[in-house]
Amino acid sequence: MALKLNVPSIACDGCAETITESITTMEPDAKIEVDVKAKTVTVESAASEETIKQAIVAAGHTVEGYQ
């Protein structure tokens, strides 16, 4: 199942790399696509939505609608 999240704090390719690294640390088999212009992160993973959101927040970014 693909999970698509709005991440308004994405500003550049460096942000995309940081998010990708953080998610793959928690879920090495995840397939991750970061669209810098659209400010979205799409993840295909066995991990829960909560785990993915936590990984993005741990990377220093914000997920829309997530505290």
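List the aspartates and glutamates whose Cα lies under 18 Å from the Cα of Lys53, skipping any in the same chain that are fewer than 8 positions away.
Partners found: Glu17, Glu21, Glu27, Asp29, Glu33, Asp35, Glu44, Glu64.
Rounded, prolate or oblate, given the Cα gyration tensor of the range 2-58, with a/c below 1.5 counting as rounded?
Taking the square roots of the gyration eigenvalues as a ≥ b ≥ c, the range 2-58 is prolate.
Rounding to the nearest 10 and keeping the result within 0 to 90°, find how far the Cα-based axis of helix 49-58 lies from the longest principal axis of the chain.
On a 0 to 90 degree scale, this one is about 50.
Over the chain, what relative contact order in percent results from Cα pairs under 8 Å that are six or more residues apart?
Computed over the chain, the figure is 44 percent.
Counting only other residues whose beta carbon sits under 10 Å from that of Thr42, what net charge do I get with K and R as +1, D and E as -1?
-1
Read-outs: derived from the displayed coordinates by stated rules, not from any lab. Since the structure is predicted, the reported quantities are computational estimates derived from the model, not experimental observations. Please note: Cβ atoms are built from the backbone with ideal geometry, for glycine as well, and neighbour counts cover all protein chains shown.
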